[in-house]
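Presented below is the structure to which this report refers.
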Amino acid sequence: MNSKSKFFTGLVAAAAIGIAGAASASGEPNAPGAHVHGAGALNVVVEGNDVIMELTLPGADVVGFEHKAESDKDAQAVHEALEKLENAANVFVLPAAAGCAVVEAHAESSLVEETEAHGHANENRHEAEHEAGHGDFGAIYEFTCATPDALKDIEVKLFVLFPSLEEVDVQAVTAKGQWAKELTPSDNRFLLAF
Amino acid sequence: MNLGTLSIRSLLSRRWTVILTIFSIAVSVLLVLGVDRLRHDARSSFANTVSGTDLIVGARTGSVQLLLYSVFRIGNATSNISWKSHADFAADRRVAWTIPLALGDSHRGYRVLGTTSSYFEHYRYADGRRLGMADGKPFDDLFDVVVGAEVADALGYTVGSDLVIEHGLGGGINKHDNLPFAVSGILARTGTPVDRTIHVSLAALEAIHIDFGPAKRAAGRELDADGLRTLELKPRSITAYMVGLKSKTSIFSLQRDINNYRGEALMAILPGVAMHELWSTVSVAETALRAVSVCVLVSAFLGMMTMLLAGLNERRREMAILRAVGAGPRHIALLLVIEASALSAAGAGLGLAAVTVIYALLADWIGATYGLFLSRIAPTPTEWLLVAGAIIGGALAGLVPALRAARQSLADGLIVGK
């Protein structure tokens, strides 16, 4: 894609967000959160043996649009993306030494109407739904790790999965404190045991 | 006589240029080390101030700004938040404790913080240390005041001392000495802004403002201390509050709920993340400062090189004599390298000593004025490494005049000035 056509896609996408933003703003009491193309957010909490990761991605980077999926093709793209996201192994590489197993992984998008229930909704899921606001994709992963102290060097593969993604802002909370890092395609690893 | 003593003697014979060169190296080493120390201390001093707090909640503003005014007492809040919203979230099932913080008044230049006993119970600093009382006890009566260690030192307060709380940020005419505030306790030193804070209960802050406000004048009577004690003083607003959670797993969901609170524009920040944001903003300036200090060091070495090169011409006779008594060109070169190393070692040593002395002398003043607590006075291993690096750099800088001297000494005879 040359830079000119990229610019126009950008414009179109920006217009789409403007509309989506205006539409959603009327229904909500508070201002919409920041929405930046190319930027995702990853919240990580480690408590005891539980590791919970919440991921938010802009629709523009996941499926290339941020309007409601109208055509079957759009809906198909969203469902494929959700399936990709629901496989935690597609998204993260956790160190083998930590002995982590996926307890649950759930993804959803506000671009499609939720018709079928994706399993029973627990509290965290509810929050992930809440987060997925303005044409965003949200996913939540829960792991149990035998040795959470070995959680060094976690690789985030989102940049391979969604090439237009430029950064992922990680916020991590563990018993030792809070910490943040900005991941980029060239620096896509972070460590939790700090 | 070996080469070492020879070069030292030679340097002594040119003492004035040598001393100036040593000074310029010392000043630049001082700059490099000083910048590095300040950077390090600023970070650890900030990082040590808040510990164990999961979220800080205030009016919607920048996250760094909220962190700065709520925890470090730097700057002021754009607006307060209602007591009701605090009560709502304090009762949330995910919340273990909250510490309300009400700022805005001062006493003789020190900030007055209105809070509750929860502060003494839950506030943690530096890896989970609790606040300790050096003397007395936390506030109990309406007019009890708990002062930080530095306030007590600077103003000479002991348990039982009377004080007058000023309305606003101080210096004004709005003092009211009819309210009998007295020191009930003095906190142990923490090395954080707590040391520079005066703590009163939220009710006491309300009392100051009732006494001051139109209500009193409308009633047309002086409310005395006992009258105020009988009133039910409920805080209407606070500046911010700290939140501790039962389980860290709910941190992001509570943060979202606070940010989406319908009643008012609230913001919840993760202090550790806000701190990270602050450092990434500041790091550009830090890098610039370091670059400048390294440039100054390089220019000092260039100055030394110039001094040695310029000196070579005057020292042709010295070199020729050395050659005549059997020194080879290699010895001459080595002599110059030893001189350069000795100069940079002296300069670096002096710089390190200067930074240590300045630090020891200014630590208190910087702590009081800027809230930066300079902890370590003795040089660290990294600093020794830096000094070693400076000496090696100096020796390398000495290679240029050394090679030139070796070549000259081959060409020159005993008779100079042809």
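The values are calculated or read from the model by the stated rules, or taken from the named source; none is laboratory data. Worth saying up front: this structure is predicted, and the values here are computed from it rather than measured. We place every Cβ from the backbone using ideal geometry, glycine too, and count neighbours over all the protein chains shown.
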Region B:262-278 residues that are facing chain A (nearest Cβ under 7 Å), paired with ones that are not hydrophobic (A, V, I, L, M, F, W, C) (beta carbon under 6 Å, 6 or more apart): B:ARG262/A:PRO29; B:LEU270/A:GLN178; B:PRO271/B:THR53; B:GLY272/A:GLY177; B:GLY272/A:GLN178; B:VAL273/A:GLN171; B:VAL273/A:GLN178
For helices (runs of 4 or more DSSP H) lying entirely in region A:1-107, having 1 or more residues that are at pLDDT below 90 picks out A:3-27, A:59-62, A:72-86
Counting only residues in region A:166-194 that are within 14 Å of chain B (Cβ to nearest Cβ) and of a type in the set (A, V, I, L, M), the one surrounded by the fewest Cβ atoms within 10 Å (Cβ to Cβ) is identified as A:ALA175
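Just checking, which of B:LEU302, B:LEU309 is more than 8 Å from chain A (Cβ to nearest Cβ), over 21 Å from B:LEU66 (Cα atoms) and in contact with a helix residue (DSSP H, G or I) (Cβ under 7 Å, 6 or more places away or on another chain)? I'd like the intermediate steps shown before the answer.
Details: B:LEU302 fails: in contact with a helix residue (DSSP H, G or I) (Cβ under 7 Å, 6 or more places away or on another chain).
Of B:LEU302, B:LEU309, the one residue that is more than 8 Å from chain A (Cβ to nearest Cβ), over 21 Å from B:LEU66 (Cα atoms) and in contact with a helix residue (DSSP H, G or I) (Cβ under 7 Å, 6 or more places away or on another chain) is B:LEU309.
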Mind checking whether some residue in region A:113-126 is at pLDDT 50 or above and more than 22 Å from B:ILE251 (Cβ to Cβ)? yes
Please enumerate the residues belonging to region A:137-165 that are within 13 Å of chain B (Cβ to nearest Cβ) and of a type in the set (D, E, K, R). A:GLU142
